[in-house]
1. Enumerate the pairs (first residue in the range 106-134 and among the polar types (S, T, N, Q); second residue anywhere and near ligand 1 (Cβ under 9 Å from one of its atoms) and part of a loop (DSSP other than H, G, I, E, B)) with beta-carbon separation below 7 Å, excluding pairs fewer than 6 apart on the same chain, so at least 6 apart or on different chains.
2. For the range 86-96, state whether one or more residues are of a type in the set (D, E, K, R), under 16 Å from Leu193 (Cβ atoms), away from ligand 1 (no atom under 13 Å from the Cβ) and in contact with a Leu (Cβ under 7 Å, 6 or more places away or on another chain).
3. Pick from Glu87, Glu58: which is surrounded by 15 or more Cβ atoms within 10 Å (Cβ to Cβ), of a type in the set (Asp, Glu) and at pLDDT 95 or above?
4. In the range 118-145, how many residues are assigned to a strand (DSSP E or B) and away from ligand 2 (no atom under 11 Å from the Cβ)?
5. Of these, Leu159, Leu165, which one is away from ligand 2 (no atom under 11 Å from the Cβ) and under 12 Å from the mean Cα position of the chain (by Cα)?
6. Among Leu159, Leu186, Leu99, Leu147, which is the only one that is more than 22 Å from Ala63 (Cα to Cα), surrounded by fewer than 16 Cβ atoms within 10 Å (Cβ to Cβ), touching a strand residue (DSSP E or B) at 6+ places or on another chain (Cβ under 8 Å) and in contact (Cβ under 8 Å) with a residue 12 or more places away in the chain?
7. Which members of the range 97-138 meet the condition of being touching a Gly at 6+ places or on another chain (Cβ under 7 Å) and more than 10 Å from ligand 1 (Cβ to nearest atom)?
Amino acid sequence: MKIVRQTQKVVRLEQHRWFGYHPKWLAKSTCEQLINELADAVQWPESHIHMFGRRIAEPRRSAWFGDPHCSYTYSGQLRQPQAWRTELFQLKILLESELNHNFNSVLVNCYRDGQDYMGWHRDNEKELGQNPLIASISLGASRRFLLRERRGEQQFEFLLGSGDLLVMRAESQEICEHSLPKMRALQQARINLTFRQIKQS
Ligand SMILES: O=C(O)CCC(=O)C(=O)O
Ligand SMILES: [Fe+2]
């Protein structure tokens, strides 16, 4: 497939030391193609996570892709990477040139409807090393994405729509936690791709 960026040059509407938000980074036609390919081809195993000492079904589906050595312990579960799918690899290359940063893996999340969610957390697994740069692309239904300071009062909210790119970098994971709350009335699905770099496993 041909991946088309909406903007030739990234418009940094919101530029911040820790976060970059680039609305509609991908063209609509590319988003539609990606959704079709991923929804059909990706196997979405039900995973279990550990929360408050209990083992529960993860309230979303996810799949892990990357270079062969990129295993990742996430929510108490060791995941081995599936080999790169072509369109995910193409996106990785595009992001690498855009952000001048290398990625070797991507976590693909599917929120089947507004009941699926992700609670407050940080992307601070040891495999990511210090101050990881994480590039997150949204596809499909728009969802609220919240950021809150760990030691402060401030909370930020983005409505992440299809094709939007959100970048978290530098001390962002030290300073803030993030979450994707339920949106109970929502019937549509959203796919989220978070490109990461595993430093060690
Ligand atoms: O779905 C999102 O936008 C966020 C996902 C996330 O925070 C994660 O997978 O670590
Ligand atoms: Fe996260």
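The values are calculated or read from the model by the stated rules, or taken from the named source; none is laboratory data. On a predicted model such as this, the values are computed, not experimentally measured, just so you know. Here the Cβ positions follow ideal geometry from the backbone for every residue, glycine too, while neighbour counts run over all protein chains shown.
1. Close Cβ pairs satisfying both conditions: Asn109/Arg60.
2. yes
3. From the options Glu87, Glu58, the qualifying one is Glu87.
4. Qualifying residue count, the range 118-145: 7.
5. Leu165
6. After ruling out the rest, the residue left standing is Leu159.
7. Matches in the range 97-138: Asn104, Ser105, Val106.
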